Structures are given as C-alpha cells and as structure tokens.
Amino acid sequence: MAKLNVLVADDATFIRDLIRRGLTAAIPDVTVHEAYNGRQAQEILLKKPVDIILCDWEMPEVDGYEVISWMRADERFRKLPFIMVTSRGEKTHVVSAMRVGIDAYIVKPFTIDILMHKIQETLARYGRNLAEELKIPPSPVVSSDAVAILTGNYRKDRDKDAKKTNSPCNQLVKANAQLRYSGRVERCLVQKIDLHGAWVVIPRRDGCPVLMEHVVFALSLPAIQIKDINAVVNTVEPLEVRDNICFVRIVLRFVDEDPKKLETLSHIINALS
C-alpha cells in the first residue's frame, strides 16, 4: 500500500499534535515527521523521505520563509509540495510566500477538514490522488444543499430524518446572511460559523472575492442580527454549476475586534447550535 510522508514544522507543540492526530485519524498509512523549527525541518528533509511539508512561518533560528527559499533553490526539493500554515494572514506575507514558491497557504485557526482538503488539492497538482492511493474519501466540500437553498430549490422535508438532524443546512436555512465586497452586496448561505470565521457559499456571477481581500459580513435571525463584521478571505473554492451559475465556497477569517459585535455573534452561534 502507498504511504504518505508528511513533515510538520511548527514551534508550537499543540499545533504539531493537532495536525498529527488529525492526519493519523484521516489517513490509513501516514508517517508524520515533526520539526520544532526550520533548521530541524531542513535536517529531516536531508535524511528522510517526505511527500509534503506543512510549515509555520514564524519559527526560531530558521523561519518558514527561509525554509521554502532554501528548498526552491535546491534541485532535490524544488518540486516538493509545500503548504504554509501560519497565523500571519496579511496580504503582503501571502504575496511574498507565493512568489518564493509555496503551493498553498492556510491561516490559523483552521480545521482538519480544511487541512485535508488543501493537502489533497495540492498533491493532485503533482499528479497524486490520495483518494485512490490511500483508499480515503475525497476531502469534504460544502454540501450541494447550499446551492439548492440559494437557488430556491431546497426542501426541508427532502430527508425523512431532517427534523432529527443538526446539519448546517437544516440549522442555518433560517438565517439571512450577506457578504459585501468590491462595492457589491451578495446574499450568501452560511455553512459553518464560529467566533473565528465562517464558511459561506455565494454565486460567482461577474466575479467573487479573492484571497486576502477585505470583506464585510452580516448575519441576522428573526430576533437578533449582526452587521458589518470585518473579515478577510482565507480560501475560495469552486463548488458546482446550477442554472448556468457557478457557486463558490469562501472561508472567511474574522478580524473585527469590536467586543459588542463578538458578543452578538456568540449569541447568534448559540441560537444556531
């Protein structure tokens, strides 16, 4: 059976543990190498087989930017898949990392689902299909129910057990959400939400938000609403085409520090849970 060798470089022990536990639970045959900093990551790359590296940006001695720069300058590692996993979400850092040769960028905090999706997506560009090689399901994407709701074709009774489930669509269909960007206002469906951010689905008409773009998010229920939550775009992923319209999932990271907004958001999350 094929194996997957992953190198996780991060000076935070709990992040390495989180990734290791998530990967070992999701992938049947995976080996996770761990490095405390970039220098240890370089030593492991020189000694052990690695199929993909998940690397923090800020680390002691040698940081993530130095690691990727060193790798892309070395013929042995020039084509090794590299995902930057970091809390530094500023656009300038993303652009710098992209220019030096990273394959993907994930901003903390993140979920294992997001991480697995990025790993499978990145390796696919290098010709590896983890779903086939390691007999694991494709990385999860937003349910097509999201598109059905936005197009008006969703039926709450489509599932005989709908009243017994707590799926995001069943819970959030009653919420009214909007996303404002580039002078536009777009109705959206919220698939997941917490105090750190949200997964939303919108139709991609003449365009959609781009990576690290600033957007404004609003969400309301019959008895409570929150307006103008400032957020940045972490990822933009295509979903499906319905009625000649392409729908995309956007992962937002909230950057608003207004305590009143956060308090209202927590009330909305509790109401939807």
| query | Can you tell which of LYS174, LYS192, LYS227 is modelled with pLDDT under 80, farther than 26 Å from VAL95 by Cβ and assigned by TED's automatic domain parsing to the domain that holds THR264? | reply | LYS174
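Quick check on this structure: which one of PHE110, PHE82 is among the hydrophobic types (A, V, I, L, M, F, W, C), at pLDDT below 75 and closer than 14 Å to ASP56 by Cβ? Quick ask: steps written out before the conclusion?
Working: PHE82 fails: at pLDDT below 75.
Every option except PHE110 fails the conditions.
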| Within segment 257-273, can you find the residues that are exposed (fewer than 15 other Cβ atoms within 10 Å of the Cβ), of a type in the set (S, T, N, Q) and modelled with pLDDT of 80 or more? | SER266
| field | Unique match (being over 29 Å from GLU133 (Cα atoms), touching a residue at least 12 places away in the same chain (Cβ under 8 Å) and either under 21 Å from the mean Cα position of the chain (by Cα) or not assigned by TED's automatic domain parsing to the domain that holds VAL255 (or both)) among VAL107, VAL62, VAL85 | value | VAL62
| request: Please work out which residue is surrounded by the most Cβ atoms within 10 Å (Cβ to Cβ), limiting yourself to segment 97-139 and to residues that are assigned to a helix (DSSP H, G or I) and of a type in the set (D, E, K, R). | output: LYS118
| task | May I ask you to list the residues in segment 207-264 that are in contact with a Gly (Cβ under 8 Å, 6 or more places away or on another chain) and on the phi > 0 side of the Ramachandran plot? | result | MET212
| message | Step by step: first the residues of segment 24-35, then only those that are at pLDDT 95 or above and of a type outside the set (A, V, I, L, M, F, W, C), then the one that is surrounded by the most Cβ atoms within 10 Å (Cβ to Cβ). Which residue is that? | response | HIS33
| Of all residues in segment 1-17, how many are surrounded by fewer than 19 Cβ atoms within 10 Å (Cβ to Cβ) and under 23 Å from ALA131 (Cβ atoms)? | 4
| Can you name the residue in segment 235-256 that is modelled with pLDDT of 80 or more and more than 15 Å from VAL190 (Cβ to Cβ) and, of all such residues, is surrounded by the fewest Cβ atoms within 10 Å (Cβ to Cβ)? | VAL255
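Listed here are the residues, each with its yes/no results for (1) surrounded by 15 or more Cβ atoms within 10 Å (Cβ to Cβ); (2) without any contact (Cβ under 8 Å) to a residue 24 or more places away in the chain; (3) among the β-branched types (Val, Ile, Thr).
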| site | (1), (2), (3) |
| --- | --- |
| TRP199 | yes, no, no |
| ILE202 | yes, no, yes |
| ARG205 | no, no, no |
| CYS208 | yes, no, no |
| GLU213 | yes, no, no |
| VAL216 | yes, no, yes |
| ILE226 | yes, no, yes |
| ALA231 | yes, no, no |
| query | Taking segment 35-58, which residues are assigned to a loop (DSSP other than H, G, I, E, B) and either more than 20 Å from the chain's Cα centre (by Cα) or of a type outside the set (Phe, Trp, Tyr) (or both)? | reply | TYR36, ASN37, LYS48, PRO49, VAL50, ASP51, ASP56, GLU58
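The values are calculated or read from the model by the stated rules, or taken from the named source; none is laboratory data. This one's a predicted model, so the numbers in the text were calculated from it and none came from an experiment. FYI the Cβ positions are ideal-geometry reconstructions off the backbone, even for glycines, and counts take in every protein chain you see.
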